[in-house]
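Input: a single structure, listed below in structure tokens.
Just so it is clear, none of the values below were taken in a lab; they were calculated from the coordinates. Just so you know, these numbers come straight off a predicted model, no measurement behind them. For neighbour counting, all protein chains shown are included, and Cβ atoms are generated from backbone atoms with ideal geometry for every residue, glycine included.
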Amino acid sequence: MNQERHPPATLFTQVDITAGNHAAIISTERVENEQTRLLRDILASQDRQNELLEELVNQLGAPQRQRVQELQQWKSANPELAQHCRAAAETLSRVQTEFLRTLTEEVNENAEVLADGEFMLTEFVDRFGPRLAHLNGVLQILAQLGNQQNS
């Protein structure tokens, strides 16, 4: 068995990288310039978005500021009535607390019946719902008119 021996293939070869080095530098500069341009574009977009958000806040806040100003003018023109509204709001707040106590007792005592019977639930809502909604509305108005934070 006479086999001819061939020299083993070389695993490592020499590569001349000096010619490609200049191209790699140009390519790196191009990538860095592109990244810088993209970052500047993102920053400009964020600045514009911030401007739009500020404008939106101003637009949404304008009616609220006008309402506060009108309320303050009303309170200045009617200081005694504003004090009466505050006292009435405090009284109605106590009434509301008692009403809520009664309502919650009713719910807790009849929880099973309310859960099982649609008629009883409807009866409960009819009995307490409108009164609670109207009481809350009146209380909110009186509280706003009697609020001393803006005085």
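Annotations
- Some residue of the range 86-101 being touching a residue at least 60 places away in the same chain (Cβ under 8 Å) and within 29 Å of the chain's Cα centre (by Cα): no
Conditions (1) among the charged types (D, E, K, R); (2) within 22 Å of Glu70 (Cα to Cα), marked per residue:
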| position | (1), (2) |
| --- | --- |
| Thr97 | no, no |
| Arg101 | yes, no |
| Leu114 | no, no |
| Glu118 | yes, no |
| Thr122 | no, no |
| Asp126 | yes, no |
| Pro130 | no, no |
| His134 | no, no |
| Val138 | no, yes |
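- Here Leu114 passes the criteria (1) in contact (Cβ under 8 Å) with a residue 12 or more places away in the chain; (2) surrounded by 14 or more Cβ atoms within 10 Å (Cβ to Cβ); (3) among the aliphatic types (A, V, I, L, M) except the one numbered (1).
- For the range 64-101, a residue qualifies if it is over 15 Å from Gln148 (Cβ atoms) and not polar (S, T, N, Q), and the qualifying residues are Arg65, Arg67, Glu70, Ala77, Leu92, Arg94, Val95, Glu98, Phe99, Leu100, Arg101.
- Restricting attention to the range 109-141, the residues being under 21 Å from Thr97 (Cβ atoms) and aliphatic (A, V, I, L, M) number 7.
- Residue in the range 51-74 that is under 20 Å from Gly137 (Cα atoms), surrounded by fewer than 10 Cβ atoms within 10 Å (Cβ to Cβ) and either of a type outside the set (Asp, Glu) or within 32 Å of the chain's Cα centre (by Cα) (or both) present: yes
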